[in-house]
Amino acid sequence: MRLVFAGTPEVAVPALDALIASERHEVVAVVTRPDAPAGRGRRLMASPVAQRAEEAGIEILRPAKPREESFLDRLREIAPDCCPVVAYGALLPRVALDVPAHGWVNLHFSLLPAWRGAAPVQHAVLAGDEITGASTFLIEEGLDSGPVYGTVTETVRPTDTSGDLLTRLAFAGSGLLAATMDGIEDGSLKPVPQPADGVSLAPKLTVEDARVDWTAPALRVDRVVRACTPAPGPWTLFRGERLKLVSLIPAPEVPPLAPGEIRAGKNSVHVGTGSHPVELGWVQPQGKKPMRAADWARGVRPAVGEKLGG
């Protein structure tokens, strides 16, 4: 099939690579978000998908909105058979959905109908799911509600951050998306409507969602930190300034502390929660680089009974 691939961030690149490598299909163009400011200098940077497409000599379409007539005209000229999508980042209007003969097929990082929305991996970690996965489905105008072509499962490990899990799913999902294109092309795959039961929503997590509540049980604190790593970044307050929590682990064997209370030892830092304490691994003070929690504590010298959380 002639394919137009739509995607933007780094997590979409493995799927693009899998389709470029396919001997059965041709990626004739990619659709991605416009160049955006990035880095300390805030210089305009092409998306990771655009950079990969440029390396491969593939035409790049960067509409500000996918309902622009110039974009739609070019899409019709290309006349793709199918448009695979991974984390494109914009809603596709019906007029665009109708262009390819086999529609737009999305690789979504959950086992649909669970975790429909922008942050399925973060919500899977936050909810303590033991198994998650990826699904390919035919895009319709509802939110991730279209019929499903196929799935692949992935175990959520006890120490997984969202970044860890998403990286594994990006590679596992790339094979699923390529296999889905094969099945659509040879007619062996038909999409199956999603069940009405088991629907859950995964809206984007905000910076406020990433603020740690030390009155919550240690299990919840651990999940929030892992779910919000790397983005939007888990944090708390110390002496009125933000302290980013890079890593921590539950420490049920440690003597109890009040929620947020800090106990700094020579080589360890423990903080109380609503259940048992947690041990801070790495932290990042405002305006500084990440450092071991014990090194941070030696510098700030928390007083007896001093707390995180503000």
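Here are the numbers for this structure:
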item	result
Lone unmet requirement of (1) surrounded by 17 or more Cβ atoms within 10 Å (Cβ to Cβ); (2) within 30 Å of P80 (Cβ to Cβ); (3) out of contact with any strand residue (DSSP E or B) (no Cβ under 9 Å at 6 or more places or on another chain) for K204	(1)
Residues being crowded, with 18+ Cβ neighbours inside 10 Å and either part of a loop (DSSP other than H, G, I, E, B) or in contact with a Lys or Arg (Cβ under 7 Å, 6 or more places away or on another chain) (or both) - total across the range 102-131	12
L143 vs. criteria closer than 30 Å to M1 by Cβ and of a type outside the set (F, W, Y)	yes
Cβ-Cβ under 8 Å pairs, at least 6 apart or on other chains, the range 123-142 side within 30 Å of A218 (Cα to Cα), far side open to solvent by less than 50 Å² (accessible area, probe 1.4 Å) and charged (D, E, K, R)	V125/D160; V125/R226; I131/E154; T132/E154; G133/E154; A134/E154
Some residue of the range 292-299 being in contact (Cβ under 8 Å) with a residue 12 or more places away in the chain, in contact with a strand residue (DSSP E or B) (Cβ under 8 Å, 6 or more places away or on another chain) and not in a helix (DSSP H, G or I)	no
Selection count, the range 176-191, where residues are surrounded by 12 or more Cβ atoms within 10 Å (Cβ to Cβ) and charged (D, E, K, R)	2
Filter pass, A134 being of a type in the set (A, V, I, L, M), in a helix (DSSP H, G or I) and crowded, with 16+ Cβ neighbours inside 10 Å	no
Evaluation of Q194 against (1) more than 17 Å from A87 (Cα to Cα); (2) free of Cβ contacts under 8 Å to residues at least 40 places away in the same chain; (3) surrounded by 13 or more Cβ atoms within 10 Å (Cβ to Cβ) (one fails), failing number	(2)
Members of the range 257-290 that are assigned to a loop (DSSP other than H, G, I, E, B), under 17 Å from A303 (Cα atoms) and free of Cβ contacts under 8 Å to residues at least 40 places away in the same chain	L257, G265, K266, N267, S268
Matching residues in the range 99-115 - criterion: being touching a strand residue (DSSP E or B) at 6+ places or on another chain (Cβ under 6 Å) and under 25 Å from R67 (Cβ atoms)	P100, H102, G103, W104, V105, N106, L107, H108
Residue in the range 243-250 that is in contact with a helix residue (DSSP H, G or I) (Cβ under 8 Å, 6 or more places away or on another chain), surrounded by fewer than 17 Cβ atoms within 10 Å (Cβ to Cβ), of a type outside the set (K, R) and outside any loop (DSSP other than H, G, I, E, B) present	yes
Subset tally (residues that are surrounded by fewer than 20 Cβ atoms within 10 Å (Cβ to Cβ), within 31 Å of the chain's Cα centre (by Cα) and closer than 25 Å to R223 by Cβ) for the range 280-310	11
Matching residues in the range 73-101 - criterion: being part of a helix (DSSP H, G or I) and over 28 Å from the mean Cα position of the chain (by Cα)	D73, R74, R76, E77, I78
Hey, G173 over 23 Å from P285 (Cβ atoms), touching a His at 6+ places or on another chain (Cβ under 9 Å) and either at pLDDT 95 or above or open to solvent by 20 Å² or more (accessible area, probe 1.4 Å) (or both) or not	yes
Subset of the range 12-54 [among the acidic types (D, E), closer than 24 Å to A134 by Cβ, in contact (Cβ under 8 Å) with a residue 12 or more places away in the chain and not in a helix (DSSP H, G or I)]	E26
Meets criteria (of a type in the set (A, V, I, L, M, F, W, C), closer than 19 Å to C83 by Cβ, modelled with pLDDT of 95 or more and in contact with a Ser or Thr (Cβ under 8 Å, 6 or more places away or on another chain)) for A64	no
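The values are calculated or read from the model by the stated rules, or taken from the named source; none is laboratory data. The structure displayed is predicted, hence computed values, not measured ones. Note that we place each Cβ from the backbone using ideal geometry, even for glycine, and neighbour counts take in every protein chain shown. Side chains are part of the model used for accessible areas, which takes the heavy atoms of the whole protein and leaves out ligands, DNA and RNA. Shrake-Rupley method; radii C 1.70, N 1.55, O 1.52, S 1.80 Å.
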